[in-house]
Amino acid sequence: MNKTTRWLLAATLLGATVIVLYLWHQSTLPEPQLLYPVEAPTSPAAVVAESKSEPAIRYPIQESQAPQAESKTLPALTASDPAIWDALIALFGQTPVQQLFHPQEIVRRIVVTVDNLPRQSAAARLLPIKPVDGKFRTAGQAENLAIAPENAARYTRYVDLAEMTDAGKFVALYVRYYPLFQRAYQDLGYPNGYFNDRLVAVIDHLLAAPEVDAPVALVQPHVLYELADPGLQTRSAGHKILVRMGSKNAARIKAKLREIRAALVGGIPK
């Protein structure tokens with residue numbers, strides 16, 4: 001597999017994960033705080049050198065994947081927002097970026113978002129993308145309460161955006177700035193961790209989400225709605241995102257994630 005193909009399919013991991021978590025903005029648990037750590041290494045080689053004494057890396061970002069002319073000119077993590085912001089505008093266009101993305105702490109927000117997908121809760125205020133517009137649509141009452149069929153339409157344009165992203169350019173951005181993502185992940189509380197390994201693990205987790213046909217039953221014990229099936233309600237934030245967005249949208253996201261998984265590591269988990 002050539003370098004361009006790996007970049008093309010790896011990009012959507014970041015893009016699809018970000019878009020998916022963007023669609024979920026309900027959280028009932030306390031929200032974690034962002035950290036403000038020491039500066040990041042400024043080249044992929046620095047990350048590799050730093051990790052020599054750490055556990056084996058399963059899916060390394062190779063220094064050869066980064067543009068040679070740029071690999072040693074990264075900004076510090078705390079000063080990276082302007083460069084990342086400009087890169088997003090070049091990729092998506094100015095209007096979509098201004099409407100959808102938060103301009104501060106971009107790298108940190110992405111790392112927190114990815115790490116939280118397999119967990120029970122994700123803090124809406126730490127997402128890299130602004131909350132989805134509109135109210136959660138329901139149908140029926142009492143024991144017949146369920147997610148309304150038209151609720152899926154709220155998310156369709158965001159799933160469309162994930163599918164239409166220029167994945168090659170997106171992954172080139174990810175690889176170019178990978179040392180910053182690695183540093184942000186270490187600062188999150190994983191000094192011996194490797195962020196790209198976490199990305200692959202999150203893909204596997206999302207692919208294992210249950211396929212649920214409509215209607216999806218709800219209960220409302222307090223203010224927020226919950227999934228009536230205890231087996232679904234106790235699943236991770238990432239799994240519940242896919243359930244809430246509707247089976248067709250979820251299938252489109254999973255199809256893209258399967259392509260990415262196969263390209264990154266040469267196979268799809270059973």
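The values are calculated or read from the model by the stated rules, or taken from the named source; none is laboratory data. Since this is a predicted model, take the numbers as computed values, not measurements. Here Cβ is always computed from backbone atoms with ideal geometry, including for glycine, and neighbour counts include all displayed protein chains. What goes into the accessible areas is simple: the full protein's heavy atoms, side chains included, and nothing from ligands, DNA or RNA. Shrake-Rupley method; radii C 1.70, N 1.55, O 1.52, S 1.80 Å.
Data overview
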item: Count of the stretch 162-179 residues which are open to solvent by 50 Å² or more (accessible area, probe 1.4 Å) and not in a helix (DSSP H, G or I); result: 1
item: Any hit, the stretch 182-202, residues being over 19 Å from I57 (Cα atoms) and under 18 Å from the mean Cα position of the chain (by Cα); result: no
item: Tally of residues being in contact with a Phe, Trp or Tyr (Cβ under 7 Å, 6 or more places away or on another chain) and not aromatic (F, W, Y) across the stretch 164-197; result: 8
item: Residue match in the stretch 202-218 (condition: within 27 Å of L145 (Cβ to Cβ) and touching an Asp or Glu at 6+ places or on another chain (Cβ under 6 Å)); result: no
item: Selection count, the stretch 230-246, where residues are part of a helix (DSSP H, G or I) and either in contact with an Asp or Glu (Cβ under 6 Å, 6 or more places away or on another chain) or among the hydrophobic types (A, V, I, L, M, F, W, C) (or both); result: 6
item: Spans of helices (runs of 4 or more DSSP H) in the stretch 59-152 with at least 1 residues at pLDDT 90 or above and within 15 Å of the chain's Cα centre (by Cα); result: 106-116
item: Answer from A250, A214, A255 - the residue that is outside any loop (DSSP other than H, G, I, E, B) and surrounded by fewer than 20 Cβ atoms within 10 Å (Cβ to Cβ); result: A255
item: Failed criterion for V159 (all others in (1) within 30 Å of A79 (Cα to Cα); (2) crowded, with 20+ Cβ neighbours inside 10 Å hold); result: (1)
item: Every residue from the stretch 117-144 that is hydrophobic (A, V, I, L, M, F, W, C), open to solvent by 20 Å² or more (accessible area, probe 1.4 Å) and touching a strand residue (DSSP E or B) at 6+ places or on another chain (Cβ under 6 Å); result: A139
item: Members of the stretch 77-100 that are closer than 23 Å to N196 by Cα and in contact with a helix residue (DSSP H, G or I) (Cβ under 6 Å, 6 or more places away or on another chain); result: L77, S80, D81, I84, A87, L88, L91
